[in-house]
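Below you'll find the structure, written out as structure tokens, and then a few comments.
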Amino acid sequence: MSLFAIVIRHILHEVAGVVHSPTMNTMDELKELELLVAVGTPVIHLQTREENRMAELLRRISTRTGKPLFHWSVTRGLRREGSSHAFGESREPLQALNIVAGHTEAGLYAFYDFHAWIGDPVVIRQVRELALQHAQRPHTLFLVSSDMELPDELSGVSATFQLALPGRKQLEELIHHESAIWGQRNKRRVQAKAEVIERLINVLTGLTMNQAQRLVKAAIHEDGVLSDEDIPGIVKIKYQLMDAQGVLSFEFDQVSLDDIAGLRRMKEWLQLRKVPFLATDAPPGLDAPKGLLLLGVQGGGKSMAAKAVAGGWGLPLLRLDFGAMFNKYYGETEKNLRESLHTAEAMAPCVLWIDEIEKGLSGNDEGGVSKRILGTLLTWMAERRQKVFLVATANDIESLPPELLRKGRFDEIFFVDLPGASVREKIFEIHLRKRGQDPGAFDLHQLADAADGFTGAEIEQSIVSALYASHYRNDALSITHLLSALRETQPLSVIMREKIAALRNWARERTVPAD
């Protein structure tokens, strides 16, 4: 990146106060941070969890500019780079800032964990006064924190710089570096196929360099082999490192597309888009698929379909429960939604499943929280660049805002209807086999006819009920038990006949049949 491009980019970001590029390499970061110092930015918020990597950047800037570097922490006080001795009584931030104010030589000052004092008006006033005196004493204050919002008092005299996460090239170099270290120690080479390394890079994307290094070491350490078996464990650990605070859950129970009956059109649609989505670079002329909306009868298999997308594509599945987020975090819902979406982006490539999306967008709440949630979600859907495939499921179409259903929000809207006769036979076959029964011992055609109007979930529960009955009577499961269980069940299609009919009528001209 040229110096002119960096200057323009900095000016464009000044309004937001953030300078950040997720694809920036170490040299780019050094140039951008050095530029912020060179153009006279008095206060720079360094947003990072990697203090060691950030400190190395500051040391290099100190060497290149000739300005001395100082570090401050509440445990060690203010000290010059390379020295273990602090400047007098300087453990309190105000003491340290007063010492900085007395230095006449221009310097670089890094204050660590500054978020703990961002609410102290006296500390903030001293920071502002140092910034306003920059022309006489051109110090640069680096306020280091992983999560901090600068107060309004520092607007106009500050910028926020996010230390970029490592890119694909850096992660590949890291894998080769750790493999070489292991090989030297154990006198043999690490075994790894190119496609496994490519998958590992995908999984490590979104982590800090320190986090990625620990996971690579763990994968290599035991047997010196990087294989497909290592990937699921790394994905789980990565999700735990993301810390989604309970709003977002990692779905361990995935299924393949072959594990669900019916949904023929949806399966074909997904198969056509699998390779373009997983490719590092989208094929010419093709946009990477973004997501789909599944409407349908409750218990019709939408949740299984969402799980099958991730299982069929070999991707981690994250489930965002809008209802739980809305109820638990009233007043901070938008913030938690943004954090959940950020976590999903860090987990990319992945599938993000928003279950019963209408629960968070009903618009019946006080204070307009649902509208702000919708705005946050729509903005993310339009602007996201990471490979997060969105699968939203909904039961109540009347509760969905029209803005969400507008053409282009989702790549496609599928309607999951009640299963037809052939699909019902397949559902019986799948669930009988799943519970250790031989489907060939039952007249599946007769069972499918008896289950007319049943959802997949209701058919599964009828098998469960029949098994309980056969166990109670100490009999082998028979078709008699199954038919009896079906007769004793009132399916949803009967209980909610009018509502389901209205849903079908709405979907007929507005959606694509999933089967």
- Query: Can LEU377 be described as touching a strand residue (DSSP E or B) at 6+ places or on another chain (Cβ under 9 Å), under 24 Å from LYS307 (Cα atoms) and assigned to a helix (DSSP H, G or I)?
  - Reply: yes
- Note on the structure: All-but-one check, SER422 against (1) over 20 Å from LYS302 (Cα atoms); (2) open to solvent by 20 Å² or more (accessible area, probe 1.4 Å); (3) among the hydroxyl-bearing types (Ser, Thr, Tyr); (4) assigned to a helix (DSSP H, G or I), failing number (1)
- Can you spot a residue in the range 480-499 that is surrounded by fewer than 14 Cβ atoms within 10 Å (Cβ to Cβ), under 25 Å from ARG265 (Cα atoms) and under 41 Å from the mean Cα position of the chain (by Cα)? no
- Under 6 Å between Cβ atoms, at least 6 apart or on separate chains: pull out the pairs that start in the range 490-506 with a residue that is closer than 16 Å to ASP452 by Cβ and end on any residue that is among the β-branched types (Val, Ile, Thr) and open to solvent by less than 50 Å² (accessible area, probe 1.4 Å). SER493/ILE500; ILE500/VAL297
- Message: Given the condition in contact with a Ser or Thr (Cβ under 6 Å, 6 or more places away or on another chain), free of Cβ contacts under 8 Å to residues at least 40 places away in the same chain and surrounded by fewer than 19 Cβ atoms within 10 Å (Cβ to Cβ), answer yes or no: does some residue in the range 78-93 qualify?
- Response: no
- Query: When you go through (1) buried (at least 18 other Cβ atoms within 10 Å of the Cβ); (2) in contact with a Ser or Thr (Cβ under 9 Å, 6 or more places away or on another chain); (3) at pLDDT below 90; (4) not small (Gly, Ala, Ser) one by one for LEU503, which number turns out not to apply?
  - Reply: (2)
- Task: Could you please find all residues in the range 344-354 being open to solvent by less than 20 Å² (accessible area, probe 1.4 Å) and in contact with a Phe, Trp or Tyr (Cβ under 8 Å, 6 or more places away or on another chain)?
- Result: MET347, CYS350, VAL351, LEU352, ILE354
- LEU143 versus (1) part of a helix (DSSP H, G or I); (2) in contact (Cβ under 8 Å) with a residue 60 or more places away in the chain: which is the lone unmet condition? (1)
- Message: For the range 459-479, give me each residue that is hydrophobic (A, V, I, L, M, F, W, C) and open to solvent by 40 Å² or more (accessible area, probe 1.4 Å).
- Response: LEU467, ALA476, ILE479
- Task: Can you work out which of the residues in the range 67-111 that are among the β-branched types (Val, Ile, Thr) and in a helix (DSSP H, G or I) is farthest from LEU35 (Cα to Cα)?
- Result: ILE99
- Just name the residue that is most open to solvent (accessible area, probe 1.4 Å) out of those in the range 204-223 that are touching a residue at least 60 places away in the same chain (Cβ under 8 Å) and under 22 Å from ALA279 (Cβ atoms). THR205
- For the subset of the range 384-396 comprising residues that are over 20 Å from the mean Cα position of the chain (by Cα) and open to solvent by 20 Å² or more (accessible area, probe 1.4 Å), which member is modelled with the highest pLDDT? ASN395
- Conditions (1) open to solvent by 20 Å² or more (accessible area, probe 1.4 Å); (2) closer than 30 Å to LYS407 by Cβ; (3) in contact with a Pro (Cβ under 7 Å, 6 or more places away or on another chain); (4) of a type outside the set (S, T, N, Q): number failed by ARG508: (3)
- Message: Looking only at helices (runs of 4 or more DSSP H) that lie completely in the range 203-322, which have at least 2 residues being within 30 Å of ARG189 (Cα to Cα) and of a type outside the set (A, V, I, L, M)?
- Response: 209-221, 230-242
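The values are calculated or read from the model by the stated rules, or taken from the named source; none is laboratory data. Nothing here was measured: the structure is a model prediction, and the numbers come from that model. Note: ideal-geometry Cβ built from the backbone for every residue, glycine included; neighbour counts use all protein chains shown. Please note that ligands, DNA and RNA were not included when accessible areas were found on the heavy atoms of the full protein model with its side chains. Shrake-Rupley method; radii C 1.70, N 1.55, O 1.52, S 1.80 Å.
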